[in-house]
1. Restricting the search to the stretch 1-13, which residues are surrounded by 20 or more Cβ atoms within 10 Å (Cβ to Cβ) and either without any contact (Cβ under 8 Å) to a residue 12 or more places away in the chain or not in a loop (DSSP other than H, G, I, E, B) (or both)?
2. Please go through the stretch 81-91 and pick out each residue that is over 24 Å from the mean Cα position of the chain (by Cα) and either part of a loop (DSSP other than H, G, I, E, B) or closer than 18 Å to Glu14 by Cα (or both).
3. Scan the stretch 37-80 for residues that are part of a loop (DSSP other than H, G, I, E, B), hydroxyl-bearing (Ser, Thr, Tyr) and within 22 Å of Leu335 (Cβ to Cβ) and jot them down.
4. Is it true that some residue in the stretch 443-451 is assigned to a strand (DSSP E or B), out of contact with any Ser or Thr (no Cβ under 8 Å at 6 or more places or on another chain), more than 27 Å from Gly35 (Cα to Cα) and not basic (Lys, Arg)?
5. State yes or no: is Ile233 in the same structural domain as Thr359 (by TED's automatic domain parsing), modelled with pLDDT of 80 or more and within 29 Å of Gln420 (Cα to Cα)?
6. When the residues of the stretch 328-386 are filtered to those that are acidic (Asp, Glu) and part of a helix (DSSP H, G or I), which remaining residue is surrounded by the fewest Cβ atoms within 10 Å (Cβ to Cβ)?
7. Pairs only if they're at least six apart or on different chains, beta carbon under 9 angstrom, first in the stretch 99-124 and under 15 Å from Ile74 (Cα atoms), second in a helix (DSSP H, G or I) and among the hydroxyl-bearing types (Ser, Thr, Tyr); list them, first residue then second.
8. Give just the number: which of (1) part of a helix (DSSP H, G or I); (2) surrounded by 17 or more Cβ atoms within 10 Å (Cβ to Cβ); (3) free of Cβ contacts under 8 Å to residues at least 40 places away in the same chain does Ala419 not satisfy?
Amino acid sequence: MRILFIEDDDSIREIYAVYIRNYLANVEVVTCSSGNQAIAVLHNQKFDLIISDYSMPDGSGGDVFQYIEQSEIITPFLLFTTKRIEDLSEFINFKKQNSHNQLLKKPLGPSQFVKLIAATLENVCQSPLSISPKNYIKVRASYLFRYNKSLIDIYLKISSGKYIKIINACDKYEKDVIEKFYNKGERFFYIRETELKNSLNEEINTSFLLYEPSHSMSSANNFLNSILVIKDIINGIGIGANVVSEVDKAIKEIDNMIKIHPHISKIFSHLKNGQNYFLDHSFALAYISSAICNEMEWSNDNIAYKLTMASIFHDILLESAPMAIDEWRKGFHYLKQNYSEHEYIEFLNHPIACAKLITELKDVPQDIATIISEHHEKPDGSGFPRKLTASHISPLSAIFIVSHDFVQRLYDNQFEEKAQYKIIESMLPHYTDSKFARAILALKSILERHEQNAA
């Protein structure tokens, strides 16, 4: 069974997903942080149950419900909110749309939350669904990368039934503790079920993990935290260790460059806490574009450096992640209607502005600025800011544009491995020009080889 869980509060989304994955057997959970992101996922994927918060900044639960109504999707819908259903005009046909639809009233602790989900699935499937309590609950490594303090002990599983403690309760931990085991192939860590229950406040839904900013934390360190998360997320794409090594080397060089340019550090200050859309998007783009070059046998340290630098700087002067996401999902007409003229013009010009910033730095290859200035162009000439056609777009920019498109679509699909081939197939008709086609076919080859190796 597959559940789509939509919640903009990171701590609620993550910990409740942990509960569902651990307590309900044979259930897969896909999480989204906004209504519009969920709608994009629903374009390509099917679910047995949809659970959604109501109030979210980028598309509400009401938007999601209206979408499934209009699309005639009959999947049961659980609305998880503090609001009364009678006060929400979008839900006038709530029970009529599906008899299994119901309201889950916040605050609701995770244990009770899981019991209600199990009851709903039992009613839908007309068969019993057991809730299996466990002594140890597994937590994805990417979840731990996001934070730096745990309220409970964290364990590593060394064999069946045997666990060793690696992080003490209430201690701050360094990311390299998690990374050390991650690099050895560990993708999950464990917590005691009893400790988790004791740590959670059933009324306010607090998480057992915290992020405590440090005054000594540099923006470069925040880069590295986000990299760890992306390495975990793109693990299922099949990017080789040699590519990862090249990109990591480039990132360290860029890290050193940032340290000696105070004005660059200041620009990066709004990415302070390491939990930012731009960072995740940028690092995924660096690894994927470099992997494509490697697959095309057009790769060296210099190219990895160029693509990584372009990835980090291509949107650096944009302050609004929602605006970048809205342009991708809804287009320029929506931006014109919903943002100020100043914001709209600034967005249109950001590729040129970001490219200009790069040229102000010493010893930076010119083609990095070219990649940045062209990253929103399209082979048919419908892109921006200069409406270049394929013949006027550089080969490296073509690889970057394909990678950028793929990352956006992966992001919309929550980096789900099952969605990768559908994404590639949907992209192919848009990239028929030879230099773009070579790039997307190289990416397809990476995915196919990874699937064969995993079989």
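1. Listed by number, the residues that qualify are Ile3, Leu4, Phe5, Ile6, Ile12.
2. Residues satisfying the conditions are Thr82, Lys83, Arg84, Leu88.
3. Ser60
4. No, because not a single residue in the stretch 443-451 is assigned to a strand (DSSP E or B), out of contact with any Ser or Thr (no Cβ under 8 Å at 6 or more places or on another chain), more than 27 Å from Gly35 (Cα to Cα) and not basic (Lys, Arg).
5. No.
6. Ranking the candidates gives Glu341 first.
7. Cβ pairs passing all conditions: His100/Thr120; Gln102/Thr120.
8. Every condition holds for Ala419 apart from (3).
The values are calculated or read from the model by the stated rules, or taken from the named source; none is laboratory data. The structure presented is a predicted model; accordingly, all values stated were derived computationally and were not measured. Here the Cβ is made from the backbone with ideal geometry for all residues, glycine too, and neighbour counts use every protein chain on show.
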